[in-house]
Every structure is written in structure tokens, then in C-alpha cells.
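Some notes on the structure that comes next.
The values are calculated or read from the model by the stated rules, or taken from the named source; none is laboratory data. All of these numbers come straight from a predicted model, not from anything done at the bench. Ideal geometry is used to build each Cβ from the backbone, glycine not excepted, and the neighbour counts take in all protein chains shown.
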Amino acid sequence: MQRFGFSAFFILLCCLNAQVLHAQGTQDSRLIWKVNKLDLGAILEEEGIQVATFEFTHSQDSAVWIEKVWTDCGCTTVEYTQDSLAAGETGILKVAFDPGSAVGGFSRLVVVKGNLANMMDTLYLEGKAVPKPRNPEIEYPFISGPIGMRQEKTNMGDVFTNEPSFKALEIFNFSDSVLRADSLRYFGPGHIQIRQIKDSIAPGHRGILEIGYDGAAKNDLGFSEDPIQFFWSDSLLSDTDVIANVFEFYPGFAKDELGSVPAMRISPSEIDLKEISADEIQELTYTLTNRGREVLEIKKVQGNCGCLSLTLPKTELGPGESMDLIVTFDPKGRRGIDQRNIYIFSNDPLNPVQSVILKSRIK
């Protein structure tokens, strides 16, 4: 195996890709990989070298073997099947990654060249490297039960309804007991699940809990915050809040369907109230129009503040129909420049979430 700088690696990759593209019209001579991307997930530095295994075969008439392998980083080493393979036989390529070489999310490239003309493939190895803590008491300040966490809340980010999302929660065991995966118990809503990645977490060591979030089972859209609790046998209760932004997933559709699907338009997109008094409640309207040829469904309207009251006369609009969203804003207790955001969730597949802005200067 050969290693060199990223710039040289990138130039090589472009050149080899150009060769393959030039030959695509004649014969497909690629290796057949079971998968071309593997995600190692969250890796603690103290866990040491991690190995990912890629499996491949081929359907060529002649024998095939791997001729060369390049990586884009000295933090990865590669071992692979050296023997020639007949059609249908299986080979493996192992990529070893040192988590001490990175901090945070990483994506490594591995270029594999076979012995036949234009036989070249790119593999990807991804994950998140978590460095060793120098001072656990400082780095895990949020203590709950036997564990410490880096953050008070677990942020799932954007979650879509077509598939569950997963997030690694790094914890430190401050107790004198071993935390065993088979004794972990969870209390919380059904759309959230939790599991311990490793079989055990020793006292004074770190571990990873995986939080799973099912957006479809949540049965709600927009920002949400759910408290969850969990414990291990003979341990105190631990808790955290799980926050997420849930969005409806809409699959792609043909271009000729563009004019027939629901299409929401909002006017105006921004209102500036200028200078207002903190003692005066404001009422204003935004007009929602369905410019599509199918019924537009308003699934949810959400503001970013309890100071907003949002009212719609109905939740469906026929083609060409309009209605007003009535917004009541109570600025009591606020001062200075203020901006409120309002989010409208609908079945418009091109723009399922749209937002409008309300600005003011409160005196």
C-alpha cells in the first residue's frame, strides 16, 4: 500500500475516475462490493485501532486480483486478499483506523485498483472519533445518577419521518459499579429508545449510549423536547432531555407532476411592526394560498415563542383557495429589537416547511 498527501491523492483520484468514465461505454469491469461505505459510529480513543471489513467479488471471465490500494490519510492501513479470484469467489479488504488521529466526525477514502483495465473503485469509511478526557469532572459537568454527560440535553438535530435517527450519547461512569448493558432500563416515550453500545462500562471509564428517535412514531412535527429517564441495576436514576426537529419526508416525483401537487404560497413573508409598546398586544395576518391542483393540508403551525398565539380558520385549502393566519403577539416583558419566527408545515412536497418573520422594536 502507498500513502501520500491529500492533494496528490485527489489528483490521482480524478485521473483514475477520468479513465473509468472514458471506458464506461465499452465494458463494466468494476469489482462488485457488498457495500462501498461503512460507518464505525462513535469511537472512543481508548478503544484503540478499529477495523472495518469490505467484501467484494466479480463477474469477469478472467481471474481478478487487487493490484494497488491508496488511502487519503496515514491514519488508515489496509490489508486485502492477495490471491486471484475466479468469477463468483469472494475477497475481503480490511481498513484499520486509529481514532487517536482525529477529533470529531471523519470520512476516509480508500481507492482500490484491480488488475484489469479500468478496474478502480472508491470506498468510504466514516465515523466520529472521541478523544480521551483530561479532566472528567470538568468535561462531564452534568451529573445524573452514576453518570456524567457533556451536555445537559441530547440534540437529535433534524429527524425525518421515513426512517429513525440515531445519536451517540457519551457518558462517564463516576460510580464504583460496573454499568452492564443487560441491566439498563428505560422510561420514556415510545418513539425514543436507548441502548448501551458495549457490554459494560467500568468505574472511571467512558461509554456510549445510542439514542434512537422514530419521527413517524412521534406523530408530531416541528421542534419538540422529551424528558427521558434510565437506570442500571442498583444505580440511581439518570435523566436527560431529548430535543429534535421533526420533518415530514416526501419522496421525489416526476417533473410533469410539478403542476398538480399542492403548492403553498405565503404573503407577506415578513412583517415589520416598527416601534411598538411592550404594553400593547399586536394582531396581524399572513395569507396562505394553495397554488397547486390538489388539496393543501396544513399539518401544523408553530411559533418560536410562547408570546405568539396562532389561529387558522381551517386546515385544508382547495386549489386556488386562500385563508388568513391570524397572529397575536404579546410583547409584555420584552425590550429592544425583537424577531419572531413562525413555521407552517404542510403537504407541499417541494416546500413542506415554510417560515414567516415578525419584526419589531419594543419600547
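Scanning region 203-248 for residues that are part of a loop (DSSP other than H, G, I, E, B) and either outside the structural domain of Ile143 (by TED's automatic domain parsing) or touching a Leu at 6+ places or on another chain (Cβ under 8 Å) (or both) returns Trp232, Ser235, Glu248. The set of residues in region 126-150 being under 17 Å from Ile43 (Cα atoms) and touching a Leu at 6+ places or on another chain (Cβ under 6 Å) consists of Gly127, Val130.
Of everything in region 216-250 that is among the charged types (D, E, K, R) and surrounded by fewer than 16 Cβ atoms within 10 Å (Cβ to Cβ), the residue that is modelled with the lowest pLDDT is Asp234. Just to be sure, is Lys128 under 28 Å from Asp226 (Cβ atoms), in a strand (DSSP E or B) and among the basic types (Lys, Arg)? Spelling it out, Lys128 is indeed under 28 Å from Asp226 (Cβ atoms), in a strand (DSSP E or B) and among the basic types (Lys, Arg).
Of all residues being over 11 Å from the mean Cα position of the chain (by Cα) and surrounded by fewer than 17 Cβ atoms within 10 Å (Cβ to Cβ) in region 146-162, which is farthest from Ala217 (Cα to Cα)? Just the residue, please.
Among those that are over 11 Å from the mean Cα position of the chain (by Cα) and surrounded by fewer than 17 Cβ atoms within 10 Å (Cβ to Cβ), it is Arg150.
Answer yes or no as to whether Phe253 is surrounded by 11 or more Cβ atoms within 10 Å (Cβ to Cβ) and touching a strand residue (DSSP E or B) at 6+ places or on another chain (Cβ under 9 Å). Answer is no for this residue.
Can you confirm whether Lys314 is out of contact with any His (no Cβ under 8 Å at 6 or more places or on another chain), in contact (Cβ under 8 Å) with a residue 24 or more places away in the chain and surrounded by fewer than 17 Cβ atoms within 10 Å (Cβ to Cβ)? In short, no.
Among the residues of region 95-145, the ones that are surrounded by fewer than 16 Cβ atoms within 10 Å (Cβ to Cβ) and among the hydrophobic types (A, V, I, L, M, F, W, C) come to 6 in all.
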